[in-house]
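Chemist: Take a look at this one; I'll ask things after.
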Amino acid sequence: MFSNLINALIMNSDPFLEMREELSLIGQYFRENPPELVVGSGAMFYLPGFWRDPIQREIFKSKNYFDFDELRTLDRYVPDEAVILDIGANIGNHSLYWGVEREALRIHAFEPSENRFRLLEKIVEANQLQDCVKLHNLGVAGEPGRASCLPANRKTGTSTRLRKDEAGPIRLLPLDSVELDLESLDLIKVDADGFELEALAGARDTIEKFSPAIVVRAVGLALPKVDHFLSELNYRREENIGWSTYVYTRAVKAPETDAPDETGATRLAVAST
């Protein structure tokens, strides 16, 4: 009780209120005049929230893509002229890397937050990637519905956190029901902060059809659930490439041959990515 009283006194003191007002003005200034930063081979970022958003702050500090080492590791799963689904695109860090540095053929970027989506849209336009990166302002889930945004995780800030809400402003759709006109698919990236399993479940038909490599950010109890779901689709976890980020590839039956192998065991091959 005593500590609560002290906190209340501090938060209502004139210096604290003045500081909060000053921070609000700083935030307003950078929203209206976002810093511009060029990284890599000329990719342009707008960073209006660099002073409070972990992803934007890291890009601003490092003068490089967020999670650059992870992106470089993922290069081996991204062929030339790749087709990629970026589920939980945020401000477009990964989509921008794949579009500019890897010259992907087509990227479908999904971001449910209206504010982040508008910034994503601005960044894609600034980099003249409209023909490559197709934007979808919706959440990917297991079934159609609505959702609201939860407060951002200030420690990670890597994805938009959602909760199902029938009156919410965000549209939820299974990926399988979205018209994407895919002829091939090389990689699915999922960073959905609690919606990982939902996103994958809603993409089941797409996954089964194209056998893409899948990279998922999964924390705590979400990981074994993702492992189990993907194992049912004959996927195996290949590697951990960073903080709670895992890559999965699909094992498929090898072509039939007239002669069995020496062990007589069923032969498996990893699907080409």
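The values are calculated or read from the model by the stated rules, or taken from the named source; none is laboratory data. Just so we're clear, the structure is a prediction, and the values are computed from it rather than from any experiment. Here Cβ is always computed from backbone atoms with ideal geometry, including for glycine, and neighbour counts include all displayed protein chains.
Chemist: Yes or no: the stretch 218-228 includes at least one residue that is assigned to a strand (DSSP E or B) and under 16 Å from the mean Cα position of the chain (by Cα). Please lay out each step first, then the result.
Modeler: Step one: filter the stretch 218-228 for residues assigned to a strand (DSSP E or B), giving none.
No - not one qualifying residue is present in the stretch 218-228.
Chemist: Let me ask something else. What are the residues in the stretch 219-258 that are small (Gly, Ala, Ser) and at pLDDT 95 or above, if any?
Modeler: In the first step, residues of the stretch 219-258 are kept if they are small (Gly, Ala, Ser); the result is 220, 222, 231, 242, 244, 251, 254.
Ser231 - this is the single residue of the stretch 219-258 that is small (Gly, Ala, Ser) and at pLDDT 95 or above.
Chemist: Within the stretch 105-119, how many residues are in contact with a Ser or Thr (Cβ under 8 Å, 6 or more places away or on another chain) and of a type outside the set (Asp, Glu)? Steps first, answer last, please.
Modeler: Within the stretch 105-119, the subset in contact with a Ser or Thr (Cβ under 8 Å, 6 or more places away or on another chain) is 107, 109, 111-113, 116.
Adding the requirement that they be of a type outside the set (Asp, Glu) leaves 107, 109, 112-113, 116.
Matching residues across the stretch 105-119 total 5.
Chemist: Which condition from (1) at pLDDT 90 or above; (2) within 30 Å of Arg52 (Cβ to Cβ); (3) among the hydroxyl-bearing types (Ser, Thr, Tyr) is the one that Ser148 breaks?
Modeler: (1)
Chemist: Here's a follow-up. Can you name the strands (runs of 3 or more DSSP E) wholly within the stretch 26-107 that have at least 3 residues being modelled with pLDDT under 95 and surrounded by fewer than 17 Cβ atoms within 10 Å (Cβ to Cβ)? Quick ask: steps written out before the conclusion?
Modeler: Working: elements: 36-39, 43-46, 83-87.
Because the criterion is at least 3 residues that are modelled with pLDDT under 95 and surrounded by fewer than 17 Cβ atoms within 10 Å (Cβ to Cβ), no strands (runs of 3 or more DSSP E) in the stretch 26-107 meet it.
Chemist: Give me the residue from the stretch 205-232 that is more than 24 Å from Asp75 (Cβ to Cβ) and in contact with an Asp or Glu (Cβ under 7 Å, 6 or more places away or on another chain) and, out of that set, surrounded by the fewest Cβ atoms within 10 Å (Cβ to Cβ).
Modeler: Within the stretch 205-232, the match that is surrounded by the fewest Cβ atoms within 10 Å (Cβ to Cβ) is Asp205.
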